[in-house]
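Heads up, the thing below is written out as structure tokens.
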Amino acid sequence: MDGEAEVILTLNGQTFRTRTLVTPDIEEIMLGTDWLTAQECFLDFQTGKIVINGQPATPVSRKGPLLCQHVFVEEDVVIPPRKETAVPARTTLVTPRTYIETGIAEA
């Protein structure tokens, strides 16, 4: 987690000032149960409909595979020549619509 930010969300014409957590590992907003409860949200999983503060909203779902775009090494590691080494790392997953093809460079 990199920190917090206060953002203004606009959903179906409704505006919400919301405190959010910031991380480079997630590319879209996720609304937690605390936020959904505070906004008196009603979720109908049978029909896929959501109501926020009495107003219908249209949920958007991204379906499809996630791709690994970045691998972040978490600590310095010396890799001897011509050897394989396990390296502590984390990845960021993105959806295909935001994927930019990149490669791996050898040093």
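Every number in this text was worked out from the coordinates using simple rules, so none of it is lab data. As the structure is a computational prediction, the values presented were derived from the model and not from experiment. Positions of Cβ are generated from backbone atoms using ideal geometry, with glycine treated the same way; all protein chains shown enter the neighbour counts.
The table for this structure:
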| item | result |
| --- | --- |
| Nearest-20 debye value, the stretch 3-57 charge dipole, Cβ charges on Lys, Arg, Asp, Glu | 220 |
| Simple spin-label estimate for residue 28 and residue 53 in nanometres, 7 Å along Cα-Cβ | 2.3 |
| Cα Rg over Rh - the stretch 3-57, Kirkwood | 0.99 |
| Pairwise FRET efficiency - residue 21 versus residue 87, Cβ, R0 = 35 Å, nearest 0.05 | 0.85 |
